[in-house]
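Trainee: I'd like to ask you about the structure that follows.
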């Protein structure tokens, strides 16, 4: 038995898991409808794919949500997992699922996939015959991903950095790298049977004044960690920054550098996609304003040339959205995309050059780390502050970098900490900002800059 | 002067915590920031370990109410080591809505010298500075 298979047996040896029949699962993936694979949809649907967010605890409610989405002409269905499952606490998830089923009140903030099991979930997924994207936030997602693929979910979001630094205070980062290595291998293995399984990184990170160079570096590194294990279809992503120009520049640089670095490790045969998240920061309470913001995000995603857009709802500021509100955004976004024609081509060469240089400065510092494998180099780089994510709650994050918005609302670095962007780039960043302010007014600016979309 | 700070309980809201850290540093304090998701015992141990003058606990999701009832009980376990430490708390101190006129004395009873419910960060820190200079 291979080491991977041995690890598999250990993971599945868990009282909350139904009996895995690997031969049957393999057969299912081999013969699964191509429509279920987002990698296939990227190739054949000549449009930006629209994907909402959403997950309910019970099978019936999730089924009803999917029905609403399909009626609204959705391209990709989401399956958001509850927070107990994300922490591998299947016992609590099971109890809360039962309470949700018996009382008609949702006791979970998502779908407890492991407890439902793959046999049940597969029925729903094959019924709708749309690609499904797994949204979670799990550092140890090994069992979850086995269950997802067996269910017919052929897009897996996340990664060791992007699912840890924004969400956890002290889950060990080195463990997360190893658990995700397993996920990449499983995805790579299943990719050989039919269309490839798509992996997607979570670019928004903390969605709080994260400068594009940090977002892009982390996207590229998670992409490389995935491709080196044999994944053949990967999506890099980022969320609306607050400046249309900065979004367009970020989109151009991330696309260019994803191709460049994939080629560097001889993985140019993999297909790389770009995903854009509608505004991920604090939303306006006013639901009509929220719709305006969502619509503007869709326009920017078109300017960026994203392959997929992930939507928000008019109820974002008030909690988990109803299925009606959620489906409404899908229909509205599809409408905006259909009428949005003849977009101008915009490029800001100066900004692109600066951002490209910043990303390459940080990437070379990561590659120059003395560790023997890429994941260890990345681990060391996060630990020593080469990579620094503003507002990460994790104890390993360096927290020295400070960013603010310039007068055009671009996110700029005014303190670089140990992030090795060159003096020239740092000077460029600072030249856009008013540096005469004292810390008290900078703190007030930061509070304002975080909440720019609120009224 | 040394300050230990952090967010109490299972609260993971990190933004204000960073801004408190920055603002304290700008005012010349030496800051030991325990970050989000910190339990009372961890705060107390850090105060002892760093020999801090001030413990500044914050809360955003309102968990403070549940946790801070234990402050005096825990204080007594540390005997007189914490006698000269100024206890301050700020943020959203209760779940849902509450009246500052009730909340402030309640938290003073829990063992805090300075209590700020939904008060602007700099107003709170100005009050801290004033309190510290009067204490001398």
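The values are calculated or read from the model by the stated rules, or taken from the named source; none is laboratory data. Since the model is a prediction, treat every value here as computed from it, not as a measurement. Methodologically, a virtual Cβ is constructed for each residue, glycine included, from the backbone with ideal geometry; neighbour enumeration extends over all protein chains shown.
Trainee: Quick check on my filter: what residues within the range A:418-451 are within 14 Å of another protein chain (Cβ to nearest Cβ) and touching a strand residue (DSSP E or B) at 6+ places or on another chain (Cβ under 8 Å)?
Mentor: Within the range A:418-451, A:442, A:445, A:446, A:449 meet the criteria.
Trainee: Right, something else. Cβ contacts < 7 Å: first residue more than 26 Å from residue A:426 (Cβ to Cβ), restricted to the range A:341-353; second residue modelled with pLDDT of 95 or more, any location; separation 6+ or different chain. Result?
Mentor: So the pair list comes out as A:343/A:302; A:343/A:303.
Trainee: Determine, yes or no, whether residue B:75 is crowded, with 18+ Cβ neighbours inside 10 Å and away from every other protein chain (no Cβ under 14 Å).
Mentor: yes
Trainee: OK, next. I need a count of the residues in the range B:44-75 that are touching a strand residue (DSSP E or B) at 6+ places or on another chain (Cβ under 6 Å) and part of a helix (DSSP H, G or I).
Mentor: The total comes to 5.
Trainee: Among the residues of the range A:402-417, write down those that are within 11 Å of chain B (Cβ to nearest Cβ) and either touching a helix residue (DSSP H, G or I) at 6+ places or on another chain (Cβ under 8 Å) or farther than 22 Å from residue B:26 by Cβ (or both).
Mentor: Within the range A:402-417, the first condition is being within 11 Å of chain B (Cβ to nearest Cβ), and the residues that meet it are A:402, A:415.
Result: A:402, single match.
Trainee: Now a separate question. Condition check: within 10 Å of chain A (Cβ to nearest Cβ), part of a strand (DSSP E or B) and in contact with a strand residue (DSSP E or B) (Cβ under 6 Å, 6 or more places away or on another chain). Does residue B:7 satisfy that?
Mentor: Yes, satisfied.
Trainee: Could you grab me the full set of residues in the range B:100-127 that are surrounded by 15 or more Cβ atoms within 10 Å (Cβ to Cβ), away from chain A (no Cβ under 14 Å) and in a helix (DSSP H, G or I)?
Mentor: B:103, B:104, B:106, B:107, B:110, B:127
Trainee: Go through the range A:238-266 and report how many residues are touching a strand residue (DSSP E or B) at 6+ places or on another chain (Cβ under 9 Å) and not in a helix (DSSP H, G or I).
Mentor: 6
Trainee: To continue, here is another question. I need the full set of residues from the range B:10-43 which are within 12 Å of chain A (Cβ to nearest Cβ), touching a residue at least 24 places away in the same chain (Cβ under 8 Å), in contact with a helix residue (DSSP H, G or I) (Cβ under 6 Å, 6 or more places away or on another chain) and part of a helix (DSSP H, G or I), in order please.
Mentor: B:19, B:23
Trainee: Can residue A:388 be described as away from every other protein chain (no Cβ under 11 Å), on the phi < 0 side of the Ramachandran plot and touching a residue at least 60 places away in the same chain (Cβ under 8 Å)?
Mentor: So residue A:388 fits the description; yes.
Trainee: Identify all residues within the range A:308-322 that are surrounded by fewer than 22 Cβ atoms within 10 Å (Cβ to Cβ) and either within 20 Å of residue A:453 (Cα to Cα) or within 21 Å of the chain's Cα centre (by Cα) (or both); write none if there are none.
Mentor: Listed by number, the residues that qualify are A:315, A:317, A:318, A:319, A:320, A:321.
Trainee: Which one is surrounded by the fewest Cβ atoms within 10 Å (Cβ to Cβ), of the residues in the range A:431-443 that are at pLDDT 90 or above and in a helix (DSSP H, G or I)? Steps first, answer last, please.
Mentor: Filtering the range A:431-443 for residues at pLDDT 90 or above gives A:431-438, A:441-443.
Cutting the leftovers down to in a helix (DSSP H, G or I) gives us A:431, A:441-443.
On the way: A:431: 10, A:441: 12, A:442: 22, A:443: 21.
The selected residue is A:431.
Trainee: Output the residues belonging to the range A:1-55 that are over 26 Å from the mean Cα position of the chain (by Cα) and closer than 30 Å to residue A:71 by Cβ.
Mentor: A:28, A:31
Trainee: Testing residue A:94 on (1) surrounded by fewer than 22 Cβ atoms within 10 Å (Cβ to Cβ); (2) not in a helix (DSSP H, G or I), one condition comes back false. Which one is that?
Mentor: The single condition residue A:94 does not satisfy is (2).
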